[in-house]
Amino acid sequence: MKLTIIGTGYVGLVTGTCFAEVGHQVICVDNDATKVKMLQAGGIPIYEPGLEELVKKHTASGRLSFTTSTAEGVEKSDVVFIAVPTPPMADGSVDSSFIEKVAREIAAAMTGYKIVVDKSTVPVKTGDKVAETIKRYCKAKVEFDVVSNPEFLREGFAVEDLMKPDRIVVGVRSQRPVPALKEVYKPFNAPLIVTDINSAELIKHASNSFLALKISYINAISVLCEAAGANVQEVASGMGMDDRIGRRFLNASLGFGGSCFPKDLSAFVKIAEQVGYDFGLLKEVQKINSEQMNRFMKKIVDTLWVLKDKKIGVLGLAFKQNTDDVRMSPAIELCQRLQKEGAILTVYDPKAMDKARAVLKDVTYVDDMNAVADGCDALVIATEWEEFKKLDLQRARSNLTHPILFDGRNLFDPAEMERLGFIYKSIGR
Ligand code: UGA
């Protein structure tokens with residue numbers, strides 16, 4: 001099928017590339033000319049496992065192209081996907097101005113029937129607004145359908161999630177666009193749910209909020225575990241063996257971050273407020289998340305006493321593993337809080353150091369994870385990168401002033417760390 005994706009961020013670029021991989025003809029549109037040039041030349045603006053190879057493969061095969069022209073994309077495609085940012089405003093509600101602008105641009109370029117699919121995470125009822133806007137701004141007065149098709153990919157696993165989705169959600173106002181959407185997704189062999197637009201939009205916010213709730217739940221349990229001398233990982237494993245609960249997203253941590261959960265929670269609380277419901281449960285999820293960071297900081301301060309002029313090594317800057325994304329990263333927040341207390345930081349991340357440099361100043365960036373602890377008073381693990389499990393612990397123990405390790409991601413076994421001579425403080429164990 002001939003498809004256009006407007007917006008080449010995480011969702012747009014990965015979606016477009018995977019659509020090309022399964023055989024569709026794809027045009028990706030972005031208003032950032034520098035980014036488009038980079039993509040046309042085979043470069044990619046983000047780190048995402050497997051993505052660069054696929055972008056190169058399909059720019060070469062001719063199935064994937066990039067342009068700054070929305071009109072070109074609309075003219076050459078049957079289905080136009082919107083995948084532009086929906087950032088938060090100061091009060092936590094969603095800034096829909098990018099979606100609105102793109103809807104007007106699509107309307108202006110339409111000369112025949114098109115299916116306009118929203119993939120961005122949006123407040124319920126946005127589909128209605130998009131339809132109204134297109135109708136108002138389409139001079140050619142042609143027919144069109146608006147569809148809601150939320151995306152559930154995780155950063156760091158985006159290609160994998162997109163190629164093997166758990167489900168495809170398609171929200172429609174009439175049955176007319178359904179066969180085309182089924183055709184688009186046929187190669188992915190996943191269950192496809194057809195529902196109304198409002199339900200589709202709610203599915204996305206409800207899913208992300210539920211996952212965030214799951215993390216805050218286990219983080220709250222981690223506090224009980226610490227108080228009672230239990231082990232949160234054992235508790236999570238025991239709970240997770242119940243199929244109704246499941247083990248995934250029950251990893252206690254110094255809190256969740258990223259460009260989705262914090263923003264979507266605030267948005268959902270606001271959306272609820274607008275329809276007259278006080279979503280106190282989600283406010284508690286947010287509260288537990290910020291307390292988790294406070295508690296981790298307290299552990300560090302309680303152990304090291306005064307942080308002023310203490311040298312601290314930090315492993316991890318990305319908001320999670322397998323990504324170079326540092327937006328709303330708990331690791332960056334932790335570094336900034338340590339700096340505020342006067343600590344001197346040496347930091348390392350496998351992929352996120354370039355992006356971190358823009359937001360985290362006055363730290364020493366090193367290229368080798370094993371060098372981070374050298375000469376430091378303590379070592380902190382802030383991101384759950386798999387490779388940190390292979391840290392040279394003997395070297396860290398010898399080169400730290402005193403072998404103190406704070407693990408915000410529970411990567412090591414407490415008994416083993418004690419045997420190796422570390423003062424080891426993790427989460428809920
Ligand atoms: C999240 C959802 O998982 C995706 O399904 C969704 O499509 C996406 O938001 C989005 O709306 O675009 P993402 O933000 O990429 O994906 O990352 P997650 O893997 O969900 O992790 C979010 C945060 O939670 C990270 O900081 C991670 O470290 C933390 N986390 C995750 C935990 O602290 N514990 C866990 O058990 C799992």
| note | Taking placed amide H atoms and a strict 5 Å upper bound, the residues 5 or more places from residue 364 or on another chain that come that close are 345, 346, 347
| Going 7 Å from the Cα of residue 104 toward and past its Cβ, which residues in segment 142-161 have a backbone nitrogen under 11 Å from where you end up? | none
| request: For residue 5, list long-range residues whose amide hydrogen, built 1.01 Å from N in the peptide plane, is under 5 Å from its own amide hydrogen. | output: 27, 28, 29, 81
| task | With the full set of protein chains in place, find how many percent of the accessible area of segment 43-148 is carbon and sulfur; take the probe as 1.4 Å. | result | 54 percent
| note | Over the chain, the sum of -39500 (n - 2.57) across DSSP H runs of at least four, divided by residue number and rounded to 500 deg cm²/dmol, gives at 222 nm -13500 deg cm²/dmol
| Length gained when the stretch residue 22-residue 245 is fully extended (0.36 nm per residue, less Cα-Cα span) | 77.0 nm
| field | Cα-centred dipole magnitude for segment 231-270, charges only on beta-carbon of K, R (+1) and D, E (-1), debye, nearest 20 | value | 200 debye
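Give me the 1.4 Å probe accessible area per residue for the chain, excluding ligands and nucleic acids, in Å².
Using a 1.4 Å probe on heavy atoms only, each residue of the chain averages 45 Å².
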| field | Stretchable slack from residue 91 to residue 275, in nm (0.36 nm times residue separation minus alpha-carbon distance) | value | 64.6 nm
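From the C-alpha coordinates alone, can you work out the Kirkwood hydrodynamic radius of the chain, in Å?
23.2 Å
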| request: Counting only C-alpha contacts under 8 Å and six or more residues apart, can you give the relative contact order of the chain as a whole percent? | output: 12 percent
| field | Nearest 10 degrees, 0 to 90: helix 126-137 Cα axis against the chain principal axis | value | 40 degrees
| request: Any chance you could give the angle, 0 to 90 degrees and rounded to 10, that helix 97-109 forms with the longest Cα principal axis of the chain? | output: 30 degrees
| DSSP beta bridges in the chain, what fraction antiparallel, as a percent rounded to 5? | 5 percent
| request: Using just the alpha carbons, could you tell me how many Å³ per residue the convex hull of segment 343-397 encloses? | output: 85 Å³
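Averaging over every viewing direction, what projected area does the convex hull of the Cα atoms of segment 73-207 cover, in nm²?
Working: hull surface 33.5 nm².
With the hull built on Cα positions only, its mean projection is 8.4 nm².
The values are calculated or read from the model by the stated rules, or taken from the named source; none is laboratory data. Not measured: the values here are computed from a predicted model. Don't worry about glycine lacking a Cβ; one is built from the backbone with ideal geometry, like all the others, and counts go over all protein chains shown. Keep in mind that these areas ignore ligands, DNA and RNA; they rest on the heavy atoms of the full protein, side chains included. Shrake-Rupley method; radii C 1.70, N 1.55, O 1.52, S 1.80 Å.
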